[in-house]
Amino acid sequence: MHGFQGLLIQHISNYKYLKSTGLLKVFGARLQKSILDVEENNKKIGIYNAVLGSLREPLLIIVVSLVIFFFQANVLRADLGLILLSLLFFLSWTHVTYAYANFLNSFVALSGSANNVVSFPKRINI
């Protein structure tokens, strides 16, 4: 996305030059290729997120249930109520962790846009 935004800013800031030299169509083709690349990458990311998101919860529940059950039932000799309570606490903790990871991913994805916005006035000599 950063590459596409950079090309877009260059297109806007150098429009008169591109138009006068006849390179507008050439640069437009580069911009179009960048758009198609971004679109293809976003499709792949969407597919991967959908697959991982649908598998994450069931696998997490199975693994955590087995670990807590075997640890508390065999090592601590705890009753079923304590096992279920531990499972509930652990699952609520994982939801908070996933929310933080999603926030961090969004922040990293948008930081390139913020850099472009900050550097835009420098590129067009304002």
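The values are calculated or read from the model by the stated rules, or taken from the named source; none is laboratory data. For clarity, every value in this text was computed on a predicted model and none was experimentally measured. Just the protein is used for accessible areas: all its heavy atoms, side chains included, with ligands, DNA and RNA removed. Shrake-Rupley method; radii C 1.70, N 1.55, O 1.52, S 1.80 Å.
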Would you mind telling me which residue in Asn74, Asn14, Asn42 has the biggest mean-square fluctuation in a Gaussian network model of the chain, where springs connect alpha carbons within a distance under 10 angstrom? Asn74
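Taking all protein chains in place and a 1.4 Å probe, what share, in percent, of the accessible surface of region 67-106 do carbon and sulfur account for? Can you show the working numbers first?
Working: 2370 of 3130 Å².
Percent of accessible area from carbon and sulfur atoms in region 67-106: 76.
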If you take semi-axes √(5λ) of the Cα gyration tensor in Å from the coordinates, which of [x] 53, 16, 7; [y] 107, 11, 6; [z] 22, 16, 11 do you get? [x]
Averaged per residue, the 1.4 Å probe accessible area of the chain, protein heavy atoms only, in Å², is roughly 76 Å²
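Which whole-number percent is the relative contact order of the chain (Cα, under 8 Å, 6+ apart)?
On the way: 36 pairs, mean separation 49.7, N = 126.
Relative contact order here is 39 percent.
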Contour minus Cα-Cα distance for Tyr15 and Ile45 (0.36 nm per residue): 7.6 nm
Expressed in angstrom and rounded, the centroid-to-centroid distance over alpha carbons for region 1-33 and region 55-82 is 57 Å
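So what is the 222 nm mean residue ellipticity for the chain from helices alone, if each DSSP H run of at least 4 adds -39500 (n - 2.57) and you divide by all residues, rounding to the nearest 500 deg cm²/dmol? Can you show the working numbers first?
Numbers: 4 runs with 110 residues, N = 126.
That calculation yields -31500 deg cm²/dmol at 222 nm.
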Just how many pairs of Lys in the chain have C-alpha atoms closer than 17 Å, counting pairs that are eight or more places apart or on different chains? 4
